[in-house]
Every structure is written in structure tokens, then in C-alpha cells.
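Chemist: Provided herewith is a single structure, encoded as C-alpha cells, for subsequent inquiry.
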Amino acid sequence: MLKHTLLARLPLAPVAASLLAFAAPASAQLAGDVFIHDPSTLTYSDGRWYTFGTRGGGLSSEDGWTWEDGAVRPGGGVAPDTIKIGDRYYVSWAVGGGGMSGGHASDVKMMWTKSLDPNSPDFAFHEIGTVASSDGYENHDAIDPAFLYQDGRLWLSYGTYFGSIRIIELDPATGLRVAGNEPVEIAIDMEATALMYRDGWYYLLGTHGTCCDGPNSTYNIRVGRSRSPTGPYLDNMGQPLLRGGGKLVAASHDRMIGAGHFGLIDLGDDIQKFSLHYEADMERSGRSVLAIEPLLWRDGWPVAGENVRPGTYQIQSQRSGNTLQLQTDFVRIPFDARRSFMAGPDDPIVTVPAQTLPDVEAGWPDGPVRVDLSAYMVRPNQHWTITPAPEAGGWFGAPFYRITVEGTGRALAATDDREIAAVPADASDDSQLWRIDQLIDGTYRITPKRYADEGLAMVAIGTSTPSLVPFDAGSDAGRWQFKLP
Amino acid sequence: MITKWTAASIVTTALALWAVNADAREPGQYPPLSDYFSAATAAPTTPDADGFITRWLLLEPISKPNPTNTVFTRSYVREELTPATYPGDFTAVPRDGQRVNGLRWHALDSRLWDVKLFNFAQALDKPKYGVLFWAVTVIDVPEEMDGVRLAVGSNSASRWWFNGEEVAGLYDDRRMVMDDVLSDRLTLKAGRNVIRGAIINGPGLSDFCLRFLDADGQPIRNLAIDIK
């Protein structure tokens, strides 16, 4: 059934389509056990990434793609967050509150451990105490804590739709409230907040809408920013978040409904992603699931990006604007240029057919063929079909991909000598798998799975020459755009 | 996270709704009305610094149980919030203290930029979830103004009438955002103009905010608000 779902959507050539035999639905971003509500910010400990959810427990993963149950968080309660400072992992969570039958009396608690790995000898939680509360009568609900550690100061935002979002300052050495610190109200009508800092701005993200109603949940993630952690936070229109403002960051898409509970993942090299949960994954019984998506920055504002969608594209170098192509002889489209120039105004207008694969393929060499870069000419050797290969795994919210010349069995591969060639497609060959990660400017980094651990990526080392070399985030050479033909 | 209960079923939600209303059994521990409102004075008032209208006649909430705000479709709201369901004479301005169907009108000045209907109901020991509120105010305009828009935000759905004509509707599961929905261009006539609104909520924190914006999108402040 899964195979049919994808095949119905994609105009793929037979060879490429056969590679999808075990493909998951396009919207099912992550593999393994991904069921969670209110995931905490992904945190790295002892070789794995961890996230904790409501009611204890959580998920962990080595690669950000395949997740498994088994993370351990004591204390029960709801909606934790995690941050590492020094050798401590602080965990904040809330007990009580949440509204409705739970009322609004709640305590935000703190604890720490030196490892999040339940098998580590350093795994031992030490409860610190309560750092914020709501009394059940005020217009406030002290749950959903979120950390920000910036310039040596530790901040914690919390609250829900029921009244205000507040922020307090904690002592990073102890996890306790700074003496004399009083909560400051910074927003209304949101919950599941998160804090970020970038280029002199503090960003407050929060979730608007309503949760916990499966595919009818209206959750969506919004943002405002301020020069101070205590606000005032305004959106891009100057609307105060204390008056309901908020610029959209992420909402429902495809088969994923109800985006909430943002958590920043800064992977370096201009790759930022964010964790969230969707209230309903329509391919997974409408249950709440963990997701990881690219984070872009546009004019100083964060906005959700998207993984490259399956389809056929030209792959354009940000360095020169040239496009990736199979090194083949240029084949002229039959055309009488002299007659065209001499045509009179009353001569009939005819359509000139595009060059197609059968027009040129017979002249292409067999076996491996190197690739280069050239100005886009709408030719078959310049069109690449991108096919997710989630059965082969993935990395932080994106599956591995196969990249083939459209309509052919020629797959882009990382060669033994760390160059790039199109070779006969082979579903068992890891050198034909690529990571495609969206960078914060919206372009993409294309990384061969084979050499990912060496930090190599496809880079335009010359105007017309791509190779596999270390990615430099300060250069356009390793940035690519996928443009529709 | 809005609600930490896991089941989103109607039955569970309805039970939860009942449980919350049961919490109101201990009035006095909640914030008093004076935290959010003061009695409207005899003298007219003006909009606040941002143009928000803060003087209103508020009718005590009408119980209208709804377990979720996703039921507030355009059709539902237009059927339930209509001049026909208005308790009393839709063409008349109610008086402070006037009772209708056992419910009392209160002439109040909000201490905030918005009108906290949830706290209004809570302070009066009235139902605060699954409720329908009516609000009325009167503005006195010094001279006719064209190209004006009524800008309103509400939690949750609401409908608004200006001098008897419907000018704005806010539907579906919605939280209050300033300037959320704007009317078509209106003419504020010189003298009295009457604004009426109805706000409905299920499990939400009911409130609304309303102001007038001029043709340049700037708030209008040279109004006298007098609900007599």
C-alpha cells in the first residue's frame, strides 16, 4: 500500500520506480517509533539524541532519522524541556495544570543528570525543586517550560493558552530561580513555547490553536522577537505577542496535521532544523508523532523549510548558476536558423518539439559517465529525478535520496576517488545514496552518504566542475537549488 | 499544550467541561471583578491610547455547552448568534442592571485593552466555559467619518453589528488577536452609533478586543463612549 501511494504521485521511470518498493509515505518523515506528544528539545548525550514527552518516557536516535522508545525521564507530568550546561543536563517539566479536568494549578520543576543514557553510570536524576507555579485561580497555567542559555544566562519560558506566557531567569549553576527574579509576562494565546537567540534578537516561538483532537487539531507555530529576553516581543507587523500577534513558522502540510512544540536543532554549517510534533500523522493512524524539518531564515525571521520533494529537477549551482549535467555531446535540436531569421510576419507559427531522451540517449556512453556544470539548456542530460529512499535510512528528518538522470538507470554516485559520476543504478549500492539537507538560506547541501562522515559534499570547485570536497558554509560553492525543468 | 487529557472524544471532553465548571464552587479565590473591570462612570470615556473601546454593557453569560471550539463553523455561529436570539430588543440599548431572562446587564470599564469575558463570568460565579456573551456599547462621533473599519479579535467565535448592520464575523476555533478581522469600509455618522457583539466559546478563555481604524489604518481615538 505504501509503495502504491508514492507511485501514484510520481512520474518515475521504471528503474527509479522499482527502487521505491519499500518506500514509506512521503509525509512519514521519520522511521521507527516516533509516537510522542510535546517533545522536548533534541539533546545529544553519549552518542545518541534524546527527546522526552508528556507523561514520562521519550525517544532516542543515533542519526535523527530512526527513533526508538526507551528514553527515561522520571517525574511524570507534562511537556518537559532539556538543556545541557557544563556537565549537567537540566530537565524542566510540569506537574499539574493543563486545563480542563486538570485545572490550572501547576508547578514547573527542575532536575538534572550527567547523562541521558539510561545505561550510563552517570545516569541519575537529581530533583532541584519548583521554579515556577500557578495557583489555579490566576489567568496562568505554569506548564510547558522551555530553556534558553545565552550569554551565560539561563531563561525559562512557560505557560499556555490560559492567560499569559511568562519568563523567569534561572541560575545556570544550580537550576534554581535567580534570587529576587520575578516572572515577566511576554505573550498571550500561545503555548508550548520555545526561545532562540540569533544576531542580537531573542525569538519567542509558541503554538497557536488547539491540540489533542487528532486531524482536527488546529495547532500552528508562530514567532515574535525582541532585543531583550523579557520582551516586548513583536511579530513582523509590529503586533505585540502580548496582544495575540505572531508570525507563522510552521503549520499543517501534506499528511501531517497540527504543528506544535518547536525545538531548535543547530547542526552547524548553516544547517538548522527543528523538532516538533504533529498532532496527527494521517499515515500513522492520526497519532501524534515526532517530526524534524528544516529551519530557514528570511529577513531575520525563522520559517519552516521543506525537504526536497520527489520529482524531476535541474540541479543548479549557487556558485555560477550552472546546472548539473551528464557529460555528453551536445546534440543540436533540428532547426533552420537562416530560415527562421528570414521568416516573414505572415509565415505560419509552429511548435518546436523539445529534445527528448530517445533523441540523444543512443549517443551516450555506456557505464560510468562523469558529470559537470553548464548553463541550463533544457536537455535530457540536465534533468535529474530525485527519489526518496527511506528504506535505506536518513539523517535528521530527511531520508536518503537517489538521484538519477530522468528516465534512465543512470544514478549519481560518489566514486572511489571522491569524485562524482553517473553509474548504473543499483539499489544495494550505498555510494548512490545522498543526503539532501536544506540550508538556512533555502538552498540545499548535497552530501554523499558514503563520505558523510568525512564532511564531504558536492561542491562546485570550478564554474563547470563539481567534486566531493569539505563543505564550506561561508561559500556558495556547496549550495544547490532544485528547480523545476 | 492546551489540554493534557489524552482522549479527544466528545464524551471525555464533556466530562472535563463539567469538571471545570464544578471548580467555580469556591468563589472568592478567583480574581475579583475589580481586577479586570471598574463600574462605568457617568461621564463619557474615550478609547485607550491604541483606540480600543473599553466601556461595554456586558450581559451575564448564557450557558451554551460546547465541548470543542471546532464546532464554531460559519453556519453554526450565524445560526446561534443572531438578532433573533438576542435576549431582548435588538434595536434598544440595555440599561445597567437591566435583567433579561434572569441575566443582568453590567456597565463596565475594562482596566485592560481587551475585555476579559472569562474573568467577568468567573468573578460573578457564572458559567465560564460553554457560554455565549452579548456586548453592547455606544460611541458618539464628533463628525462623520468615511472609510473607517471596525477591527476586532475574539476568543472564540463572534459576530458584530454596527448600527444594526452586520459588519464582522469571526468563525471557527479562534483565539484573540488584535485587528484579527476587519470590516468593510464603514461610515461613522456624526452622533450616536451603536455596536453590538456576540461571543461564543466552548473550553476557551473568552475575551475580545475592538477598535476603529481610519482609512490609513490608524486607530481612531476622538470618540466619546457613553453607554447610557
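Chemist: Which condition number in (1) farther than 30 Å from A:D281 by Cβ; (2) open to solvent by 10 Å² or more (accessible area, probe 1.4 Å); (3) more than 14 Å from every other protein chain (Cβ to nearest Cβ); (4) in a strand (DSSP E or B) is the one that A:A179 fails?
Modeler: Unmet condition: (4).
Chemist: Please tell me if B:R99 is open to solvent by 10 Å² or more (accessible area, probe 1.4 Å) and within 14 Å of chain A (Cβ to nearest Cβ).
Modeler: In short, no.
Chemist: Output the residues belonging to the range B:154-205 that are more than 14 Å from chain A (Cβ to nearest Cβ), of a type outside the set (S, T, Y) and not in a strand (DSSP E or B).
Modeler: B:N163, B:G164, B:D184, B:R185, B:K189, B:A190
Chemist: May I pose another question? In a strand (DSSP E or B) and surrounded by 21 or more Cβ atoms within 10 Å (Cβ to Cβ): is that true of A:L248 in this structure?
Modeler: The answer is no for A:L248.
Chemist: Restricted to the range A:183-217, and to residues that are farther than 18 Å from B:N155 by Cβ and in a loop (DSSP other than H, G, I, E, B), which residue is nearest to the other protein chains (Cβ to nearest Cβ)?
Modeler: The extreme case among them is A:P183.
Chemist: Report yes if some residue within the range A:377-386 is at positive phi and open to solvent by 20 Å² or more (accessible area, probe 1.4 Å); otherwise report no. Break it down into steps so the answer makes sense when it comes.
Modeler: Initial filter on the range A:377-386 (at positive phi): A:378.
Going one step further and asking which of them are open to solvent by 20 Å² or more (accessible area, probe 1.4 Å), we end up with A:378.
Checked the range A:377-386: at least one residue is at positive phi and open to solvent by 20 Å² or more (accessible area, probe 1.4 Å).
Chemist: Another question about this same structure. Given the criteria under 24 Å from A:L205 (Cβ atoms), assigned by TED's automatic domain parsing to the domain that holds A:T207 and crowded, with 16+ Cβ neighbours inside 10 Å, does A:S115 qualify?
Modeler: no
Chemist: Still on this structure, please answer the following. Within 23 Å of A:L264 (Cα to Cα), more than 14 Å from chain B (Cβ to nearest Cβ), free of Cβ contacts under 8 Å to residues at least 40 places away in the same chain and part of a strand (DSSP E or B), is that true of A:I168?
Modeler: Criteria met by A:I168.
To keep it simple, each residue is scored yes or no on (1) more than 16 Å from A:I271 (Cα to Cα); (2) under 24 Å from the mean Cα position of the chain (by Cα).
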| site | (1), (2) |
| --- | --- |
| A:H383 | yes, no |
| A:R402 | yes, yes |
| A:E406 | yes, no |
| A:E419 | yes, no |
| A:L439 | no, yes |
| A:Y444 | no, yes |
| A:T465 | yes, no |
| A:P470 | no, yes |
| A:A477 | no, yes |
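Chemist: Can you tell me which condition A:W67 does not meet? The list is (1) free of Cβ contacts under 8 Å to residues at least 60 places away in the same chain; (2) open to solvent by less than 10 Å² (accessible area, probe 1.4 Å); (3) away from every other protein chain (no Cβ under 14 Å); (4) more than 26 Å from A:R198 (Cβ to Cβ), and all the others hold.
Modeler: Only one criterion is unmet by A:W67, namely (1).
Chemist: Could you check how many residues of the range A:104-154 are assigned to a strand (DSSP E or B) and farther than 17 Å from A:S40 by Cα?
Modeler: Of the residues in the range A:104-154, 15 are assigned to a strand (DSSP E or B) and farther than 17 Å from A:S40 by Cα.
Chemist: Let me ask another. Scan the range A:338-357 for residues that are part of a helix (DSSP H, G or I) and in contact with a helix residue (DSSP H, G or I) (Cβ under 9 Å, 6 or more places away or on another chain) and jot them down. Show your work before the answer.
Modeler: As a first pass, look at the range A:338-357 and keep what is part of a helix (DSSP H, G or I): A:338-342, A:357.
Result: A:L357, single match.
Chemist: So which of A:D107, A:D122, A:D135 is more than 29 Å from the chain's Cα centre (by Cα), over 19 Å from A:Y90 (Cβ atoms) and among the acidic types (D, E)?
Modeler: Criteria check complete, one pass: A:D135.
Chemist: In the set B:T82, B:T137, B:T91, which member is surrounded by 17 or more Cβ atoms within 10 Å (Cβ to Cβ) and among the polar types (S, T, N, Q)?
Modeler: That would be B:T137, the only listed residue that is surrounded by 17 or more Cβ atoms within 10 Å (Cβ to Cβ) and among the polar types (S, T, N, Q).
Chemist: Next question. Could you list, ordered by first residue, the pairs with Cβ atoms under 6 Å in which the first is in the range B:180-201 and among the hydroxyl-bearing types (S, T, Y) and the second is open to solvent by less than 10 Å² (accessible area, probe 1.4 Å), at least 6 apart or interchain?
Modeler: Note: pairs meeting the criteria are B:S183/B:L150; B:S183/B:A168.
Chemist: Within the range A:395-444, which residues are among the small types (G, A, S) and farther than 22 Å from A:R379 by Cα? Talk me through it step by step, then tell me what you get.
Modeler: The initial filter retains those residues of the range A:395-444 that are among the small types (G, A, S), namely A:397-398, A:407, A:409, A:411, A:413-414, A:421-422, A:425, A:427-428, A:431, A:442.
Across the range A:395-444, the qualifying residues are A:G397, A:A398, A:A414, A:A427, A:S428, A:S431, A:G442.
Chemist: When you look at A:S431, is it touching a residue at least 60 places away in the same chain (Cβ under 8 Å) and outside any strand (DSSP E or B), yes or no? Steps first, please.
Modeler: Numbers: touching a residue at least 60 places away in the same chain (Cβ under 8 Å): no; outside any strand (DSSP E or B): yes.
So A:S431 does not fit the description; no.
Chemist: Can you give me the number of residues within the range A:129-165 that are within 14 Å of chain B (Cβ to nearest Cβ) and not hydroxyl-bearing (S, T, Y)?
Modeler: Residues meeting the conditions: 15.
The values are calculated or read from the model by the stated rules, or taken from the named source; none is laboratory data. Worth saying up front: this structure is predicted, and the values here are computed from it rather than measured. With ideal geometry, Cβ positions are generated from the backbone for all residues, glycine too; neighbour counts draw on all protein chains shown. Accessible surface is based on the protein model in full, side chains and every heavy atom, while ligands, DNA and RNA are left aside. Shrake-Rupley method; radii C 1.70, N 1.55, O 1.52, S 1.80 Å.
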